[in-house]
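Every number here is computed from the coordinates shown, using simple stated rules; none is lab data. What you see is a predicted model; the values in this text were computed from it and never measured. Here the Cβ positions follow ideal geometry from the backbone for every residue, glycine too, while neighbour counts run over all protein chains shown.
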Amino acid sequence: MNDPLDNLIFYQQAMQLYDGCWEDCEVLAQDLRGREVAKQLIRSCGSISANIEEGYGRGYGKEYPQFLRISRGSARETKGWYVRSKQMLSKELIENRMNDLNGIIAMLSKTIKTLEEKNRKGS
């Protein structure tokens, strides 16, 4: 079954990021301090795609941009948790994740702006 949500690039990237985050958390879980970071990291990263899903499921009214803003906030939080994991994850991996997150944040911001402009015109 083809879900139109799967065609959204920022959603695809959020799901790919989650898969990578899962692997990163396996590394973090090897240390007591890393396990605490991993708990927060996997939650914030999972929240990115989860809020896109929930907002999309509610339709294109005023709620959708709000869920995308929450998703963007979760992406920013995830960046913070990656910074905090620098003792256990490589600099290169963290830079790659930051680039992925920055791309997702940029696409979410553009989509939010577009949807809000459409909502204003439609009011």
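Structure values in brief
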read-out: Top-ranked residue in the range 86-123 [being closer than 18 Å to TRP22 by Cβ and under 17 Å from the mean Cα position of the chain (by Cα); ranked as surrounded by the most Cβ atoms within 10 Å (Cβ to Cβ)]; value: ILE104
read-out: Residues of the range 16-37 classified as aliphatic (A, V, I, L, M), farther than 20 Å from GLY73 by Cβ and touching a helix residue (DSSP H, G or I) at 6+ places or on another chain (Cβ under 9 Å), total; value: 3
read-out: Of residues in the range 1-27 being among the aliphatic types (A, V, I, L, M) and over 19 Å from the mean Cα position of the chain (by Cα), the one surrounded by the fewest Cβ atoms within 10 Å (Cβ to Cβ); value: MET1
read-out: Yes/no for SER44 being crowded, with 21+ Cβ neighbours inside 10 Å and under 28 Å from ASN119 (Cβ atoms); value: no
